[in-house]
Amino acid sequence: MTVTLSCTSNHSYNWFILTKDDQKFLRSQCSQDKDTRLFLAKFQVKPLAVSQRWMFRCYGYYTSNPQVWSEGSDVLELLISGKLKKPTLRAEPGAVIALGNSVTISCEGTKGMQSMYFLYKEGSPAPWDSQTPKDPSNKAMFSIASMEQHHAGKYRCYTYNSAGWSERSDMLELVVTGVHHVKPTLSALPSPVVTPGGNVTIKCVSSNGYDRFILTGADQNFTKSQKAQFIHTGQSLALFPDITVASSKSGPFRCYGHYTNSPHVWSEASDPLEIHVSVPQPQDHTVENIIRMGVSGLILTVLGIVLFGTCPSQRRP
C-alpha cells in the first residue's frame, strides 16, 4: 500500500524535504505553486510492517541556500492498522456537551489483551492522547474536564500490542453547544397536538444567520439536520416535516444552529418542545341514561293514573 504525504506552505519555498523518525534524509521534491497561493510537494511512501510506526516531518528551503531549511512541520505519525479487532469508542454522558462541562471518551479494546490506547483527533497529525492501563483492563478513559471549542471534532482510537495495531474504531463526533449565545426558537405546525398516526412539522428559527439547524430528541438518538433558509426579516429558519407520533416518543425536542465552517460548534439549545398525542376519550352516558329512565317512569305513572280513572265507568249497568 502506498501513502501520499503532502507538505504545504504559504512561503514560496523552491524545494521541500521529507524526513523520517531519526531525522535521516528521505527525499526532496520541487514545490508546486497552486492557485490558492500555497506551495506544496507530494511524497509517496510505502510502509511495510503492520506493527511499524513512522514519524514524519517536512522542511522547506530556497534553491539559493539548500543547506538552510525552514522550521520543521508538526510531526505526522503514520501507522498501519492490523488485523486486531477494532476498538469501541464512546463518549459519556454523550457526544453533545455544553460549553464548560466535562466529558469522558472511552476506548474499549479486546478483553484479556494488555494494550496501549491511542486517541486521534481529525486534523492533528500526532495522537491527541495515549494511555497504557496499569491493570488488565481492556479500556482507556480520556477525560476532558472543561469542554471548549478546540475539543469539538471527529475522533478515532486504535490499540497496539505485540500483535501489532488494531483496525481503527468507528468515528466519534464530539459537539460543543452554547458557544453562540443566540438560541433558536422552536414551534410546531399546525399544532403541537397530533392525532394517532398523524404528523407535525417542526419549525426552528433564529435572528442569527446560522447556515444549518440541528433537531435533537431527549436521548440524542433522534437527530435531524436541515440547511437554513433566509427570509426577508433577516432571520434564518429550517422546517423539519413529517415528525410522526412514533418520533414524538423521542421528545422533548430541541434545536441548535451552527455555521458550515464549524459544524461541531453549536448555539445554545432552544427551549424544549413537547409533541402530544390526542387520544379520544370514551363518552360517559350515565347522566343521559338516568334522564331517560326518569322520563320513562313518569310516562308510566301518568298512564297508570289515566287507566285507573277510566276503568270504573266502564263497569256501570
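Tabulated data
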quantity: Residue under evaluation LYS183, criteria (1) more than 30 Å from GLY109 (Cβ to Cβ); (2) part of a strand (DSSP E or B); (3) touching a residue at least 60 places away in the same chain (Cβ under 8 Å), criterion not met; calculated: (2)
quantity: Test: residue in the stretch 107-124 that is exposed (fewer than 15 other Cβ atoms within 10 Å of the Cβ) and β-branched (Val, Ile, Thr); calculated: no
quantity: Breaking point among (1) at pLDDT 90 or above; (2) part of a loop (DSSP other than H, G, I, E, B), for HIS232; calculated: (1)
quantity: Subset of the stretch 186-210 (residues that are over 21 Å from the mean Cα position of the chain (by Cα) and in a strand (DSSP E or B)); calculated: SER187, ALA188, LEU189, VAL193, VAL194, ASN199, VAL200, THR201
quantity: Test set (1) free of Cβ contacts under 8 Å to residues at least 12 places away in the same chain; (2) surrounded by 15 or more Cβ atoms within 10 Å (Cβ to Cβ) - HIS150 fails condition number; calculated: (2)
quantity: For MET113: the one exception among (1) of a type in the set (A, V, I, L, M, F, W, C); (2) in contact with a Cys (Cβ under 9 Å, 6 or more places away or on another chain); (3) part of a loop (DSSP other than H, G, I, E, B); calculated: (2)
quantity: Odd one out for ALA188, checked against (1) modelled with pLDDT under 95; (2) surrounded by fewer than 17 Cβ atoms within 10 Å (Cβ to Cβ); (3) more than 20 Å from MET147 (Cβ to Cβ); calculated: (2)
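The values are calculated or read from the model by the stated rules, or taken from the named source; none is laboratory data. Just so it is clear, the model here is predicted, and its values are computed rather than measured. When we count neighbours, we look across all protein chains shown, and the Cβ atoms used for this are built from the backbone with ideal geometry, even at glycine.
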